[in-house]
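K.L.:
Structure incoming, see below.
The values are calculated or read from the model by the stated rules, or taken from the named source; none is laboratory data. Everything quoted here is computed from the prediction, not taken from an experiment. Quick reminder, even Gly has a Cβ in these numbers, built from the backbone with ideal geometry, and neighbours come from all protein chains shown. Each accessible area value is taken on the protein alone, full model and side chains, heavy atoms only, with ligands, DNA and RNA left out. Shrake-Rupley method; radii C 1.70, N 1.55, O 1.52, S 1.80 Å.
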Amino acid sequence: MPEPIEVRKVPLHHVSDASELAKLIDDGVLAADRVVAVIGKTEGNGGVNDYTRILADRAFREVLVARGSRSADAVARIPIVWSGGTDGVLSPHATVFATVAASTVPASEAERSDEPRLSVGFAMSEPLLPEDIGRSAMITKVAAAVRAAMTEAGITDPADVHYVQTKTPLLTIHTIRDAKSRGHSVWTENTGESMDVSNGTAALGIAVALGEIAMPDDAEVMHDRSLASAVASCSSGVELDRAQVVVAGNVRGIGGRYRIGHSVMRDALDADGIWAAIRNAGLDLPDRPQPADLDGRLVNVFLKCEASQDGRVRGWRNAMLDDSDVHWHRQIKACVGGVAAAVTGDPAIFVSVSAAHQGPDGGGPVAAIVDLGPRA
C-alpha cells in the first residue's frame, strides 16, 4: 500500500528561487528525501527556448540534494515538471508532493478506510526518438509509462485517475538533423509546432492507457480532435529525451488528508467546469459558489487550455489564431488564467497551454486537489 501524501503550494520569488521549498523542509512540513514530484509554473515565454524551466529545475534539485541524503543522480530522477509562461495574472509557483510516514500522520488521517485519498505515482518512458513524436511509437511508449505510474501509485481502476501530468521532448534543429541522418522523417520541421504535436501525442498515450480511446492511427494525431483524454495535462520542452509521467489519483485505505478530482472546461469561459472539478474532489459547495466558499481548503487547480480550432468562443469570432503579433498560446493562457483565478481567488494556479487531444476542442481538463483534514 502506498504511503500518505503531503502536498503544498509555494511561491517562486524569482526565476531561480527555491527558498520556500527549503523552508518547508527546514520547518519539518515534509522531508527532502520524501519529495516524489514537483509541478510548477515559471515566468518565461513558454516556448522552445524558455530556459526559465531549466533555472527553476536546477534550483529545486539543489535544495533537495543539500537538505536530504539522496545523491544528485537520485534527485535527478525525481519528476519536476515546469510549465513556462505566467501570462496575465498567473503567478510563478510550485506544487510539491511528498510521502509521509504513517507514524507521523495523525491517526485519524492515516487510518485505513474506504475514504479515497490522494496517491501519486511516477514513471519514465523508454527514450523518445525525434521520429517517434506525433506517431504511434510515442503513443505506445507513453501509455506503457502511464500504466507503470498507476501501479506505483497503487491505482488499479482507471476511473480513480484524475490527473496525469507529462513532460516530453519537442523537436529542435539538432534532433531533426539527427533523425534525418539516420534516414528518418519527422512529423514537422517547425520546432514551435512540435510542442503542440508532442503534447497531443502524449495525451493520446494517456487516453489509450486509461481506456478512454482505442489505439489511434498515425493519421488521426492532431487531426481527429474528438480523440482526447479528460485527465491529461501534457507539456514539452528541451530538457529531456523521454516522457516523465506523474499520475495522481485516489486510493482507498491510503490515509492522509488530501483528495483529487477532475472535470473539463467546455470552452475558455467555462468557470462551472472548474467548480465541477473542485466538487469532484470532495468539497461541498453551494449552487453558485464564491471563492470564500473554498474556506482555504483548495490546494491548487491544474488546467490545460487551447484556442478553439474554429476561432470562436460561444459563437463569437476572435483573432487569436490570426494574430501575428502575440501567439495564441499566450493569449488563451492569459484568458483562462483570468477565469480560473476569478474562480479560486488565487492567481498562483497551474494553467498550461497547447491542449490538443486534452479535453474538448477549445476547452481542456481541470484537476483540483483539496484538503479534507480537520481544521486547526
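K.L.:
Between a first residue in segment 156-184 that is under 17 Å from P365 (Cβ atoms) and surrounded by 13 or more Cβ atoms within 10 Å (Cβ to Cβ) and a second residue that is among the aromatic types (F, W, Y) and at pLDDT 95 or above, which pairs have beta carbons less than 7 Å apart while being 6 or more apart in sequence or on different chains?
P.N.:
Cβ pairs passing all conditions: Y163/F302.
K.L.:
Does S136 fit the bill of being under 30 Å from A277 (Cα atoms) and surrounded by 16 or more Cβ atoms within 10 Å (Cβ to Cβ)?
P.N.:
Against the criterion (under 30 Å from A277 (Cα atoms) and surrounded by 16 or more Cβ atoms within 10 Å (Cβ to Cβ)), S136 does not qualify.
K.L.:
Going through segment 161-187 one residue at a time, which ones are within 30 Å of G261 (Cβ to Cβ) and out of contact with any helix residue (DSSP H, G or I) (no Cβ under 8 Å at 6 or more places or on another chain)?
P.N.:
Result: Y163, Q165, K167.
K.L.:
So which residues in segment 78-93 are of a type in the set (S, T, N, Q) and under 16 Å from H14 (Cβ atoms)?
P.N.:
Scanning segment 78-93 gives T86, S91.
K.L.:
Among the residues of segment 186-196, are any among the hydroxyl-bearing types (S, T, Y) and in contact with a strand residue (DSSP E or B) (Cβ under 9 Å, 6 or more places away or on another chain)?
P.N.:
Looking for residues that are among the hydroxyl-bearing types (S, T, Y) and in contact with a strand residue (DSSP E or B) (Cβ under 9 Å, 6 or more places away or on another chain), one finds at least one in segment 186-196, hence yes.
K.L.:
Residue under question is D241, and the condition is that it be at pLDDT below 95 and either closer than 18 Å to T140 by Cβ or open to solvent by 50 Å² or more (accessible area, probe 1.4 Å) (or both); does it hold?
P.N.:
So D241 fits the description; yes.
K.L.:
Here is a follow-up. Do you know which of the residues in segment 30-88 that are open to solvent by less than 30 Å² (accessible area, probe 1.4 Å) and of a type in the set (D, E, K, R) is nearest to A348 (Cα to Cα)?
P.N.:
K41
K.L.:
Just to be sure I understand the filter: pairs with C-beta atoms under 7 Å, separated by 6 or more residues or on different chains, first member in segment 121-143 and without any contact (Cβ under 8 Å) to a residue 40 or more places away in the chain, second member of a type in the set (V, I, T) and open to solvent by 10 Å² or more (accessible area, probe 1.4 Å). Which pairs pass?
P.N.:
none
K.L.:
While we're looking at this one, here's another question. Can you find, within segment 207-238, the residue that is most open to solvent (accessible area, probe 1.4 Å) among those that are closer than 24 Å to T172 by Cβ and in contact with a strand residue (DSSP E or B) (Cβ under 9 Å, 6 or more places away or on another chain)?
P.N.:
Per the criteria, the residue is V238.
K.L.:
Right, next: Which ranges mark the helices (runs of 4 or more DSSP H) fully within segment 22-140 that have 3 or more residues being at pLDDT 95 or above and among the hydrophobic types (A, V, I, L, M, F, W, C)?
P.N.:
Correct list: 52-66, 72-76.
This table checks each residue for (1) of a type outside the set (G, A, S); (2) in a helix (DSSP H, G or I).
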residue	(1), (2)
S198	no, yes
A207	no, yes
E239	yes, no
G255	no, no
R259	yes, no
W275	yes, yes
R279	yes, yes
